1. For the range 46-62, just list the computed ³J(HN,Hα) in residue order, Karplus coefficients 6.51, -1.76 and 1.60, θ = phi - 60°, integers in Hz, with x standing in for Gly and Pro.
2. Write out the GluC sites (Glu not before Pro) in the range 118-163 meeting two conditions: DSSP loop, and at most 12 other Cβ atoms within 10 Å of their Cβ.
3. Residue by residue through the range 152-167, what is 3J(HN,Hα) from phi via Karplus (6.51 cos²θ - 1.76 cosθ + 1.60, θ = phi - 60°)? Round to whole Hz and write x for glycine and proline.
4. From the backbone phi of the range 96-108, what are the Karplus-calculated ³J(HN,Hα) couplings (6.51 cos²θ - 1.76 cosθ + 1.60, θ = phi - 60°) in whole Hz, Gly and Pro given as x?
5. Looking at the square roots a ≥ b ≥ c of the eigenvalues of the Cα gyration tensor of the range 1-110, which shape do they give, rounded for a/c under 1.5, prolate if a/b is larger than b/c, or oblate?
6. Would you kindly find the accessible area of Lys86, with a 1.4 Å probe and non-protein molecules such as ligands, DNA and RNA excluded, rounding to the nearest 10 Å²?
7. Give the residue list of trypsin sites (Lys or Arg not before Pro) in the range 108-179 that are DSSP loop and have at most 11 other beta-carbon atoms within 10 angstrom.
8. On the accessible surface of the chain, probed at 1.4 Å, how many percent belong to carbon and sulfur atoms?
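The values are calculated or read from the model by the stated rules, or taken from the named source; none is laboratory data. Owing to the predicted nature of the structure, the values given are computational and were not obtained by experimental measurement. Heads up, the Cβs are rebuilt from the backbone with ideal geometry, glycines too, and the neighbour counts pull from every protein chain shown. Just so you know, the surface numbers come from the protein's heavy atoms only, side chains and all, with ligands and any DNA or RNA stripped out. Shrake-Rupley method; radii C 1.70, N 1.55, O 1.52, S 1.80 Å.
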Amino acid sequence: MVRYSREPAVQAKSAKSRVADIRTSFKNTFEVAASIRGKMLKDAYHYLRAALAHKTIIPFRRYAGGVGRKAQANHLGENKGRWPEKSIRHVISLLKNVKQNVKAKGLDLEKCQISHIQVNKAALGRRRTYRAHGRITPYLNHPCHVELFVTEKAEDVKKGDGKKLVKLTKKQAARQRLAIGSVNQ
């Protein structure tokens, strides 16, 4: 059995999926995963399909060095972004897999939320490139592992009736404790 970096709080209400050694950029996949973290499963799928069609953008937050500024990123509160198609395709296939796992467990697909998605660096793919003056330098690629689980969201808790609790300051609470203690003696 494969190990995940963490386990869902309620196993019966969640479904998991993971893939190892994807031959796609770690940094791009990290940003794709960060953009769908916390979204509902169907919303995440539609968002990635729109990004694949260049209708929306994947904002680049952490690995944004050299990434150009794009107007599409403005509505996401960012100014840098890209459309990393290969990474998007791999994450979409992972979402399809977790969708099948949700159906197999009998969970409600409409209520499933991506509660955990993580991208880790995998072992480097090593090749070599030939340079001037007879030198050879490494020509590496940076694959990754991706794991995620979705959790069926519970029903929203309704707000209680209008009774408001009186908050005491530390000083008031200490006085109250002191008054209670003196009555007992």
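1. For the range 46-62, the Karplus-derived couplings read 5, 5, 5, 5, 5, 5, 5, 8, 6, 7, 9, 10, 8, x, 9, 9, 7 Hz, x marking Gly and Pro.
2. The qualifying sites are Glu155.
3. Calculated HN-Hα couplings, in order: 6, 6, 6, 5, 5, 7, 6, 5, x, 5, x, 5, 9, 6, 7, 8 Hz.
4. Whole-Hz 3J(HN,Hα) from phi for the range 96-108: 5, 5, 5, 5, 5, 5, 5, 5, 5, 7, x, 8, 7.
5. Judged from the Cα gyration tensor, the range 1-110 comes out prolate (a/c at least 1.5, a/b above b/c).
6. 120 Å²
7. Arg131, Arg135, Lys158, Lys159, Lys163, Lys164, Lys167
8. 51 percent
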